[in-house]
Amino acid sequence: EADIYQTPRYLVIGTGKKITLECSQTMGHDKMYWYQQDPGMELHLIHYSYGVNSTEKGDLSSESTVSRIRTEHFPLTLESARPSHTSQYLCASSEYRIAMGETQYFGPGTRLLVL
Amino acid sequence: ELKVEQNPLFLSMQEGKNYTIYCNYSTTSDRLYWYRQDPGKSLESLFVLLSNGAVKQEGRLMASLDTKARLSTLHITAAVHDLSATYFCAVAPLGGGADGLTFGKGTHLIIQP
């Protein structure tokens with residue numbers, strides 16, 4: 001079982017502010033992901049990383065950016081928050097297990113409200 | 001482009017009944033996942049299905065995969081209130097490794113006492 005931590009869990013912020021959503025995992029997984037989920041809707045992949053210094057954009061275009069300087073840390077930054085960024089952001093990491101394939105483990109999520 | 005469709009999207013059922021949730025996907029895949037999400041919570045992994053004909057069971061939930069039909073089912077037997085949640089299926093592209101998953105819209109399941 002992977003331990004994935006996200007902070008803050010809830011964030012209410014004004015338009016135009018810069019925010020960073022933190023994600024860390026303690027299992028040494030190389031692969032990490034950010035998903036965006038609107039209430040009651042499906043998850044959309046916005047960023048992923050294969051390891052240190054690797055970042056890729058996902059299927060859903062996002063104005064956010066990510067960095068991967070350390071294996072355990074994968075922060076997501078919005079330079080100028082807008083109401084359209086209001087959503088839940090879920091971080092995940094994955095590992096390959098024999099007989100299970102690539103398995104993703106999700107953090108508790110950050111619920112963001114931009115006023 | 002990989003697309004994943006779940007149905008039904010909403011389901012209200014009574015305790016003790018059986019029901020099946022369906023997950024169709026559009027392109028060949030070798031991995032399908034089922035997740036549970038409680039309101040305001042993160043996702044909990046339920047099943048990973050890796051091959052055609054795979055069947056896995058945990059308690060009152062049983063998942064199966066037919067890769068030829070590109071269909072997975074999640075069957076609920078003798079439902080209980082605690083199973084109320086949103087259930088997502090997610091598919092990885094064939095050979096996609098760690099490129100992330102494509103999720104269905106989820107099935108919002110309410111089980112009435």
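The values are calculated or read from the model by the stated rules, or taken from the named source; none is laboratory data. Bear in mind the structure is a predicted one, so any value in this text is a computation, not a measurement. Backbone-built Cβ (ideal geometry, glycine too); neighbour counts: all protein chains shown. Accessible surface areas use protein heavy atoms only, side chains included; no ligands, DNA or RNA. Shrake-Rupley method; radii C 1.70, N 1.55, O 1.52, S 1.80 Å.
Kirkwood's formula applied to the C-alpha pairs of segment A:4-114 gives a hydrodynamic radius of 14.0 angstrom.
Compactness of the protein assembly as shown was expressed as the Cα radius of gyration divided by 2.2 N^0.38 Å, which yields 1.02. To put it simply, the accessible area of segment A:4-114 at a 1.4 Å probe is 54 percent carbon and sulfur. Think of a 1.4 Å ball rolled over the protein heavy atoms: chain B then has 47 Å² of accessible area per residue. In a DSSP loop and with at most 14 other Cβ atoms within 10 Å, the GluC sites (Glu not before Pro) in segment B:13-70 are B:Glu15. A crude spin-label estimate for the pair B:Phe10 and B:Thr77, with each label 7 Å from Cα along the Cβ direction, gives 3.0 nm.
If the viscosity is 1.306 mPa s and the temperature 10 °C, what translational diffusion coefficient in µm²/s does Stokes-Einstein give for segment B:4-112 when Rh comes from Kirkwood over Cα pairs?
Numbers: Rh = 13.9 Å.
Taking Rh from Cα pairs, D becomes 114 µm²/s.
With 27 Å as the limit on Cα-Cα distance, the pairs of A:Lys18/B:Lys3; A:Lys17/B:Lys105; B:Lys41/B:Lys105; A:Lys18/B:Lys105; A:Lys57/B:Lys56 that go past it are A:Lys18/B:Lys3; A:Lys17/B:Lys105; A:Lys18/B:Lys105; A:Lys57/B:Lys56.
Once backbone amide H atoms are built at 1.01 Å from N, B:Ser26 has B:Lys3 as its partners under 5 Å, excluding neighbours fewer than 5 places away on the same chain.
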